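A short worksheet on the structure shown next.
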Amino acid sequence: MAASSRAQVLRLYRALLRESQRFSSYNYRTYAIRRIRDAFRENKSIKDSEKIEELVNKAKANLEVIRRQV
């Protein structure tokens, strides 16, 4: 993975976790954090740049959903 792509993914991961911390309900908050961590752990070994780009776009969409929900 290119350094810029890795940095982009890490920024996205941190942003998702940061936004999830803003859920007022404990149950929503812990569920969101657990799902984010599991999803990134599950996909950490992917090397295909097209698949990575697809997953990054999906994560960006999910970040927007979280921001609207919070």
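The values are calculated or read from the model by the stated rules, or taken from the named source; none is laboratory data. Bear in mind that the values here come from a model prediction, so they are computed numbers and not experimental data. Don't worry about glycine lacking a Cβ; one is built from the backbone with ideal geometry, like all the others, and counts go over all protein chains shown. Areas reflect the complete protein model, heavy atoms only, side chains present, ligands, DNA and RNA absent. Shrake-Rupley method; radii C 1.70, N 1.55, O 1.52, S 1.80 Å.
Observations, loosely collected:
- Boolean, Arg18 is assigned to a helix (DSSP H, G or I) and in contact with a Lys or Arg (Cβ under 9 Å, 6 or more places away or on another chain): no
- Within the stretch 12-31, the set of residues being basic (Lys, Arg) and under 15 Å from Arg41 (Cα atoms) comprises Arg14 only.
- Close Cβ contacts (under 7 Å, 6 or more residues apart or on different chains) running from residues in the stretch 16-40 that are under 28 Å from Lys51 (Cα atoms) to residues that are open to solvent by 100 Å² or more (accessible area, probe 1.4 Å) and not in a helix (DSSP H, G or I) comprise Arg29/Gln21.
- Test result for Arg37, out of contact with any Ser or Thr (no Cβ under 7 Å at 6 or more places or on another chain), open to solvent by 100 Å² or more (accessible area, probe 1.4 Å) and outside any helix (DSSP H, G or I): no
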